[in-house]
Amino acid sequence: MRYGLDEQLWVVVDPKPQSTLGDVLFQASLRDLSLQFKGGLTPEENPTLFSSRDEAETEARARLLAMRVATAIAKSGAVKRIEDVALVQLCDKSRIVLFEKDLRGEEA
């Protein structure tokens, strides 16, 4: 499939603890993405492009869920030391990592 500079795609980025669906899922063209990177979007936010809104929304919701789990673990006191929880990963059926949150060094 061919995409031009102004074709609209769906973009999913990693959430932050207070993110909502609208923060991590948005529609943009390649031209728009260029501006997003100039405005501060980084590769570390794992921007992923989708042609299907349904696929993008499924991944965005999964990333949000993983972030909520990571945040809850960090704040719950479920472990004696936060250092005991190093990493939360969300994988698909093929064990491909869709989202991960490194908890090392974060305060509960």
Residue check for Ala72: without any contact (Cβ under 8 Å) to a residue 12 or more places away in the chain, within 22 Å of Glu100 (Cβ to Cβ) and part of a loop (DSSP other than H, G, I, E, B) | no
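Being exposed (fewer than 13 other Cβ atoms within 10 Å of the Cβ) and part of a helix (DSSP H, G or I) narrows it down to one of Gly22, Gly40, so name that one.
One residue alone meets the criteria, Gly22.
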Pick out the one residue from Gly22, Gly39 that is free of Cβ contacts under 8 Å to residues at least 24 places away in the same chain and within 25 Å of Val97 (Cβ to Cβ).
-> Gly22
Going by the conditions given, is Leu64 farther than 25 Å from Met1 by Cα, outside any helix (DSSP H, G or I) and either at pLDDT below 95 or among the hydrophobic types (A, V, I, L, M, F, W, C) (or both)?
-> no
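The values are calculated or read from the model by the stated rules, or taken from the named source; none is laboratory data. Because the structure is a prediction, the values reported are computed rather than measured. Backbone-built Cβ (ideal geometry, glycine too); neighbour counts: all protein chains shown.
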